[in-house]
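Worksheet: the structure to be examined is printed underneath.
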Amino acid sequence: MISPGEVISYIEMCQAEGASLQRGMNFHLRGNVSVILMSLRRGAPYADRIEDNGRILIYEGHDVPRTKGVTEPKKVDQLRYLAPGKPTQNGLFFDAAKRTAAGVAPPEQVKVYEKIRDGVWVFDGIFDLLDARLETTNSRKVFKFRLGLRETGSIDEPELQQDLPHNRLVPTAVKLEVWKRDRGSCVNCGSRENLHFDHVIPYSQGGTSLSAQNIQLLCAKHNLQKHDRIL
């Protein structure tokens, strides 16, 4: 079971979700749980961002695919429906978000994975899909989805119940700085397997997610040992 802050490979991510994740938006991939892939790195293809000290994720909808008829997807509107009237992934997420915003449905639960460098992904946790809007950016229509971090880190479906410790999201720049500083290995034993981004001082005890000085890489063994001591 993958926990928030865990560092994984693309293959491990696909294995965890039981699917080959070829697209960034995956509505109801398993049961009622959706999955999105994002990147906040410089030069990332979409303008995703985090707000409220890691509690809110603003996720940009996805462009139409590059085809013979569409050679520059960044210059055309993002689509809500395909030609036959079938909703795109943008449309599925948008409709669900609007049902929640209108108070007629509970929020969709979304698992978020973030790419921090080639071959290296981090599970950022479980978010509630709260709202969505369609805005004009650079003379084209773009979807923006608002997601809020689940405090409990749990999934409601009985077969997917998880009890996950949760902190605020660690900004990508901090993740990259820590990864470079700790050389992609556990600071205690040097292991490169089963790594986690760990708060030196837990967020619940006043520790910050915004400084690399309070974030370190720990392997699963030492991460568990530390949490056992805290408890």
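The values are calculated or read from the model by the stated rules, or taken from the named source; none is laboratory data. It should be emphasised that the depicted structure is a prediction, and the values quoted were computed from it without experimental measurement. Don't worry about glycine lacking a Cβ; one is built from the backbone with ideal geometry, like all the others, and counts go over all protein chains shown. Please note that ligands, DNA and RNA were not included when accessible areas were found on the heavy atoms of the full protein model with its side chains. Shrake-Rupley method; radii C 1.70, N 1.55, O 1.52, S 1.80 Å.
Check off (1) of a type outside the set (A, V, I, L, M, F, W, C); (2) open to solvent by 80 Å² or more (accessible area, probe 1.4 Å); (3) part of a loop (DSSP other than H, G, I, E, B); (4) under 21 Å from Asn194 (Cα atoms) for Gln15 and give me the number that stays unchecked. Failing condition for Gln15: (3).
Count of region 181-222 residues, restricted to those that are in contact (Cβ under 8 Å) with a residue 12 or more places away in the chain and within 24 Å of Ser9 (Cβ to Cβ), is 26.
Identify, from the list Asp95, Asp63, the residue that is among the charged types (D, E, K, R) and part of a loop (DSSP other than H, G, I, E, B). Step through it out loud before you land on a result.
Values: Asp95 fails: part of a loop (DSSP other than H, G, I, E, B).
None of the other options fit; the residue is Asp63.
Checking the condition closer than 26 Å to Asp95 by Cβ and either of a type in the set (Asp, Glu) or modelled with pLDDT under 90 (or both), which residue from Asp156, Asp182 passes? So the residue among Asp156, Asp182 that is closer than 26 Å to Asp95 by Cβ and either of a type in the set (Asp, Glu) or modelled with pLDDT under 90 (or both) is Asp156.
For beta carbons closer than 7 Å, sequence separation of 6+ or different chains, a first residue in region 5-17 that is farther than 14 Å from Asp124 by Cα and a second that is aliphatic (A, V, I, L, M) and open to solvent by less than 20 Å² (accessible area, probe 1.4 Å), the qualifying pairs are Cys14/Leu21; Glu17/Val35.
Every residue, every condition in (1) surrounded by fewer than 11 Cβ atoms within 10 Å (Cβ to Cβ); (2) in contact (Cβ under 8 Å) with a residue 40 or more places away in the chain, yes or no:
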site	(1), (2)
Val70	no, no
Asn90	no, yes
Ala97	no, yes
Ala102	yes, no
Val110	no, yes
Lys115	no, yes
Gly119	yes, yes
Asp131	no, no
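For region 66-80, give me the residue count where each residue is charged (D, E, K, R), part of a loop (DSSP other than H, G, I, E, B), modelled with pLDDT of 85 or more and over 21 Å from Glu108 (Cβ atoms).
First pass over region 66-80, keeping only residues charged (D, E, K, R): 66, 68, 72, 74-75, 77, 80.
Checking the rest, the ones that are also part of a loop (DSSP other than H, G, I, E, B) come to 66, 68, 72, 77, 80.
Going one step further and asking which of them are modelled with pLDDT of 85 or more, we end up with 66, 72, 77, 80.
Then drop every residue that is not over 21 Å from Glu108 (Cβ atoms), which leaves 66, 72, 77.
The total comes to 3.
Of all residues in region 37-68, those being surrounded by fewer than 12 Cβ atoms within 10 Å (Cβ to Cβ), closer than 25 Å to Thr208 by Cα and among the β-branched types (Val, Ile, Thr) number 0.
Selection of region 5-63 for residues being acidic (Asp, Glu), within 14 Å of the chain's Cα centre (by Cα) and modelled with pLDDT of 90 or more yields Glu6, Glu17, Asp48, Glu60.
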